[in-house]
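Worksheet: one structure, shown below.
The values are calculated or read from the model by the stated rules, or taken from the named source; none is laboratory data. Fair warning: this is a prediction, and the values are worked out from it, not measured in the lab. Reconstructed Cβ throughout: ideal geometry from the backbone, glycine too, with neighbour counts over all protein chains shown. Keep in mind that these areas ignore ligands, DNA and RNA; they rest on the heavy atoms of the full protein, side chains included. Shrake-Rupley method; radii C 1.70, N 1.55, O 1.52, S 1.80 Å.
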Amino acid sequence: MVATRTVTSTDYVKGVLKAELKRRNLTYADLARLLAERGVAESEANLRNKISRGSFTAAFLFECLMAMGCESVRLGKTE
């Protein structure tokens, strides 16, 4: 029997953010710079840890998406 893994909302939201970074060919260092331009101070290491844990607010998610120039997000199947 094959075990299936349920995708949690935490997994899903960090996947969305990572996908947007990849889609735009941006690194965590790039995101840190883009956030700094918007007045948000986050180090590359802090971003990496925060996104890896998936423990961030909706406001942080939107701030990152706006900094990357994201105008829409696809919320389809993740698998």
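Taking the inverse of the mean reciprocal distance over all distinct Cα pairs, the Kirkwood hydrodynamic radius of the chain comes to 13.2 Å. The residues 71, 37, 42, sorted by heavy-atom accessible surface at 1.4 Å with ligands and nucleic acids left out, run 71, 37, 42 from largest to smallest. Taking 45, 59, 29 as the candidate residues, the one with maximal mean-square fluctuation in a Gaussian network model of the chain, Cα springs under 10 Å, is 59. Taking only protein heavy atoms and a 1.4 Å probe, the accessible area of segment 26-79 is 52% carbon and sulfur.
Among 23, 53, 33, the largest mean-square fluctuation in a Gaussian network model of the chain (Cα springs under 10 Å) belongs to 23. Projected label points at residue 57 and residue 24, each 7 Å from Cα along the beta carbon direction, are separated by 2.0 nanometres. Please check which bits of segment 49-79 a label hung off residue 11 would reach, taking the label as a point 7 Å along Cα-to-C-beta and the cut-off as backbone N under 12 Å. Once the point is set 7 Å along Cα→Cβ of residue 11, 78-79 turn out to lie under 12 Å by backbone N, inside segment 49-79. A 1.4 Å probe run over segment 27-79, with the rest of the protein chains in place, finds 65 Å² accessible per residue. Rounded to 0.05, the FRET efficiency of the residue 73 and residue 49 pair, given R0 = 22 Å and the Cβ-Cβ distance, is 0.50.
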